[in-house]
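K.L.:
Right, I'll just put the structure down here and ask away after.
The values are calculated or read from the model by the stated rules, or taken from the named source; none is laboratory data. Just so you know, these numbers come straight off a predicted model, no measurement behind them. All Cβ positions, glycine included, derive from the backbone under ideal geometry; neighbour counts span all protein chains shown.
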Amino acid sequence: MNLDFAQMVPYIPFMLQGIWVTLKFVFFAIILGAILGTLLALCKISHIKILRWLADAYTSVFRGTPLILQLMIIYYAIPQLTGYDIDAFLAAILAFGLNSSAYISEIIRAGIQAVDKGQMEAAHALGIPYRQMMKDIILPQALKNILPALMNEFITLTKESAIVSTIGYLDLMRRAQVVGADLFRNFEPLLFVGVIYWCLVMGLTVIGRMFERRLKKSD
């Protein structure tokens, strides 16, 4: 096998910087996705028909089209219409956050509907306002049921973050491509960042299990 990792050693700090670059936009995308996904889930269970229709239409569009297409539209097509360029970092946050919110909304909706209807009926009987009921009673119970699915979505988002390399954003994948082009050797840098992605995913998996155990102890 024609492998030589020694040539890659001087480039290791450059590639390691990609961890922070990747995690930074993934973190903001997760926050955007979680907030918007929660709002969409509440719209989907709302008694207002137009809100349900809009939330379902949003989910249909973002789940029915490729993520890379959404990223390209935000980064390349929208500036064509508006005349203003979008920073690669902002485009990555918007594309991944908007896409993730569609999936998170379905996860949260399923979690809310899995909560015993008697909880809502009791809250209504006690005169608890809808917003307070959702915040203090329904959503905390739903979170315990959907945490594994949410963590799986976050893990998927972290792995799919490599797609942003297509718009030149210097994440882990893009840095591996830069090093490969400089050395005319692609296997070593790609294998190196592959190990980093695996470590990130394993770290998220451990964190998710810790949260699950903590929630079980609070029952």
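K.L.:
If only one of I108, I155 is within 23 Å of G18 (Cβ to Cβ), part of a helix (DSSP H, G or I) and aliphatic (A, V, I, L, M), which one is it?
P.N.:
I155
K.L.:
Based on what the data block shows, is L71 surrounded by fewer than 13 Cβ atoms within 10 Å (Cβ to Cβ) and either at positive phi or not in a loop (DSSP other than H, G, I, E, B) (or both)?
P.N.:
Answer is no for this residue.
K.L.:
Starting from the stretch 46-59, keep only residues that are under 17 Å from Y103 (Cβ atoms), then list their pairs with residues that are assigned to a helix (DSSP H, G or I) and of a type in the set (D, E, K, R) whose Cβ atoms are within a distance under 7 Å, requiring at least 6 positions of separation or different chains.
P.N.:
Correct list of pairs: A55/K44; D56/K44; T59/E106.
K.L.:
Do the conditions hold for K44, that is, is it surrounded by fewer than 13 Cβ atoms within 10 Å (Cβ to Cβ) and among the charged types (D, E, K, R)?
P.N.:
Criteria not met by K44.
K.L.:
Looking at A149, A122, A142, A176, which is the one that is without any contact (Cβ under 8 Å) to a residue 60 or more places away in the chain, buried (at least 18 other Cβ atoms within 10 Å of the Cβ), part of a helix (DSSP H, G or I) and out of contact with any Ser or Thr (no Cβ under 7 Å at 6 or more places or on another chain)? Before the answer, list the steps.
P.N.:
On the way: A149 fails: buried (at least 18 other Cβ atoms within 10 Å of the Cβ); A122 fails: buried (at least 18 other Cβ atoms within 10 Å of the Cβ); A176 fails: without any contact (Cβ under 8 Å) to a residue 60 or more places away in the chain.
That would be A142, the only listed residue that is without any contact (Cβ under 8 Å) to a residue 60 or more places away in the chain, buried (at least 18 other Cβ atoms within 10 Å of the Cβ), part of a helix (DSSP H, G or I) and out of contact with any Ser or Thr (no Cβ under 7 Å at 6 or more places or on another chain).
K.L.:
Out of the residues in the stretch 187-213 that are of a type outside the set (A, V, I, L, M, F, W, C) and modelled with pLDDT of 90 or more, which is nearest to Q141 (Cα to Cα)?
P.N.:
G203
K.L.:
Among F62, F27, which is the only one that is exposed (fewer than 15 other Cβ atoms within 10 Å of the Cβ), modelled with pLDDT of 90 or more and either in contact with a helix residue (DSSP H, G or I) (Cβ under 8 Å, 6 or more places away or on another chain) or more than 11 Å from L98 (Cα to Cα) (or both)? Talk me through it step by step, then tell me what you get.
P.N.:
Values: F62 fails: exposed (fewer than 15 other Cβ atoms within 10 Å of the Cβ).
Criteria check complete, one pass: F27.
K.L.:
In this structure, does S46 turn out to be among the small types (G, A, S) and not in a helix (DSSP H, G or I)?
P.N.:
Spelling it out, S46 is indeed among the small types (G, A, S) and not in a helix (DSSP H, G or I).
K.L.:
Sort through A29, A41 and tell me the only one that's in a helix (DSSP H, G or I), under 23 Å from K159 (Cβ atoms) and either aliphatic (A, V, I, L, M) or touching a residue at least 12 places away in the same chain (Cβ under 8 Å) (or both).
P.N.:
Criteria check complete, one pass: A29.
K.L.:
Where residues in the stretch 158-205 are more than 14 Å from V9 (Cα to Cα) and of a type in the set (D, E), which of them is farthest from the chain's Cα centre (by Cα)?
P.N.:
D171
K.L.:
Can you name the residue in the stretch 74-92 that is hydrophobic (A, V, I, L, M, F, W, C) and either out of contact with any helix residue (DSSP H, G or I) (no Cβ under 8 Å at 6 or more places or on another chain) or within 13 Å of I163 (Cβ to Cβ) (or both) and, of all such residues, is surrounded by the most Cβ atoms within 10 Å (Cβ to Cβ)?
P.N.:
A92
K.L.:
If you go through the stretch 179-210, how many residues are surrounded by 14 or more Cβ atoms within 10 Å (Cβ to Cβ) and not in a helix (DSSP H, G or I)?
P.N.:
Going through the stretch 179-210 one residue at a time, the tally reaches 1.
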